[in-house]
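K.L.:
One structure, as structure tokens, below. Some questions next.
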Amino acid sequence: MSPQNPPREVPATQHGMLLGVDLGSNHIRIGVVDPTGQLLNFRREPFTSEYENAGQGSALASQLIALIQQSLQEHPGVSAIGLAFPGLIQQPSQRIVKLSHAVGLLSLDLHAELQRALNLPVHFDNNANAAAFAEMQAGVARGLRDWLYLHIGANVGAGLVLGGQLQRGKSGWAGALGEMAIDPERNGEYVQLESMVSAENIVRRTRRRLQRDSTSSLSRLGAMGGFTYDDIITAADTGDDLAKLMLQRTGRFIGTVIAEVINLLNLSLVAIGGAPAGRRFLVQAIAEEASQRASSIIFDDCQIVAAELGAEAGVIGAALLAGQTSDQAR
């Protein structure tokens, strides 16, 4: 159950409307937000797998610029633009240093290109930080000072808030939980958490499991050309035992890391984001595993809940962070 928090007062800003963009695994989400975090306009635009190739970064950059320019024409009052990416963003330079599903962007100074093309303040952040900021303003974490937002999707990352402030660390890479090592089979072989629990890797693990268990409804989708992370969630929601098992195992892997974070930071809340329909499966599994591994005293002082905001969280947070950063630069 979500904690009852008072509405959070949003600091005054010199901005009118703000534009947020969230680059997902298959879609570009884009929307206009007012300074209080109210979403005024939101849509998704697909991008094709050709952008995953190293040489296609300029094509994706061109699509981003075109979409943003179209939104600016439709909403001429926008004063700052924020973009959220499922990877690592170096804050001082605003360079993308890791972006697994669109590696072509790594060779570009995309921030500089956007500012030249758009002639407005532009701010980059990772998607977990953006969603965490949105949840602080308009979601489950209103009024909380020490908590963590966990994103599970194209990447696995966390937005860490301590003392009411979003923490980025020295270079902007704080919260990179997906980079942490786990021993999933408990046999002394360690792998990165993200290599097991990102959306792509949940699908990969499920495909391998289907080689031993062909009774799942996912077998039919696999034979027809494949299935997605969303398909696994839908199957679990309709009672498919294998799909539920794969989500439960995913939650247990994540819980091993979350337990250590709770022990270290004495958080009041961990909010589980990513695909909204999958949260109910993951929250329970993460909480059960973390409860077995964390100090019982410290674990009992923390709630693990589903995040409130859906696919729009990254857009809202990216926009608000852009407004905040632009204000601070004045």
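K.L.:
With A59, A80 as the choices, which residue is modelled with pLDDT under 95 and among the aliphatic types (A, V, I, L, M)?
P.N.:
A59
K.L.:
Right, here's the next one. Of all residues being in contact (Cβ under 8 Å) with a residue 24 or more places away in the chain and among the polar types (S, T, N, Q) in segment 293-310, which is surrounded by the fewest Cβ atoms within 10 Å (Cβ to Cβ)? Just the residue, please. Let's see the steps before the verdict.
P.N.:
Quick first cut of segment 293-310, residues in contact (Cβ under 8 Å) with a residue 24 or more places away in the chain only: 293-295, 298-299, 301-310.
Add one more test, that the residue is among the polar types (S, T, N, Q), and what stays is 295, 303.
Working: S295: 12, Q303: 18.
Per the stated criteria, the residue is S295.
K.L.:
Among the residues in segment 177-192, are any of a type in the set (S, T, N, Q) and in contact (Cβ under 8 Å) with a residue 40 or more places away in the chain?
P.N.:
no
K.L.:
Test L247 against the criterion of being out of contact with any Ser or Thr (no Cβ under 6 Å at 6 or more places or on another chain) and buried (at least 21 other Cβ atoms within 10 Å of the Cβ), and give yes or no.
P.N.:
Yes: the conditions hold for L247.
K.L.:
Can you tell me which residue among A174, A181, A141, A158 is closer than 30 Å to I298 by Cα, at pLDDT 95 or above and loosely packed, with under 15 Cβ neighbours inside 10 Å?
P.N.:
After applying the criteria, what remains is A181.
K.L.:
Among strands (runs of 3 or more DSSP E) lying entirely in segment 100-176, which contain 1 or more residues that are outside the structural domain of L320 (by TED's automatic domain parsing)? Don't jump to the end; show me each part of the working.
P.N.:
Details: elements: 122-126, 147-152, 156-162, 165-167.
Per the criteria, 147-152, 156-162, 165-167.
K.L.:
Of all residues being at pLDDT 95 or above and out of contact with any Asp or Glu (no Cβ under 7 Å at 6 or more places or on another chain) in segment 266-275, which is farthest from A158 (Cα to Cα)? Just the residue, please. Even if it seems obvious, please write down each step before you answer.
P.N.:
The initial filter retains those residues of segment 266-275 that are at pLDDT 95 or above, namely 266-273.
From the residues that got through so far, the ones that are out of contact with any Asp or Glu (no Cβ under 7 Å at 6 or more places or on another chain) too are 269-270, 272-273.
Values: L269: 13, V270: 10, I272: 9, G273: 9 Å.
Step by step, filter segment 266-275, then rank; the result is L269.
K.L.:
For segment 211-233, name all the residues that are surrounded by fewer than 19 Cβ atoms within 10 Å (Cβ to Cβ) and in contact (Cβ under 8 Å) with a residue 24 or more places away in the chain.
P.N.:
Of everything in segment 211-233, those that are surrounded by fewer than 19 Cβ atoms within 10 Å (Cβ to Cβ) and in contact (Cβ under 8 Å) with a residue 24 or more places away in the chain turn out to be D213, T215, S217, T228, D230.
K.L.:
Six or more apart or on different chains, Cβ atoms under 6 Å: show the pairs whose first residue is in segment 316-329 and assigned by TED's automatic domain parsing to the domain that holds G82 and whose second is of a type outside the set (D, E, K, R) and part of a helix (DSSP H, G or I).
P.N.:
The qualifying pairs are I316/A134; G317/A130; G317/A131; G317/F133; G317/A134; A318/A130; L320/F133; L321/F133.
K.L.:
Considering only segment 65-99, state which residues are assigned to a helix (DSSP H, G or I) and not polar (S, T, N, Q).
P.N.:
Passing the criteria: I65, A66, L67, I68, L72, E74.
The values are calculated or read from the model by the stated rules, or taken from the named source; none is laboratory data. These numbers were taken from a predicted model, which means no experiment stands behind them. Backbone-built Cβ (ideal geometry, glycine too); neighbour counts: all protein chains shown.
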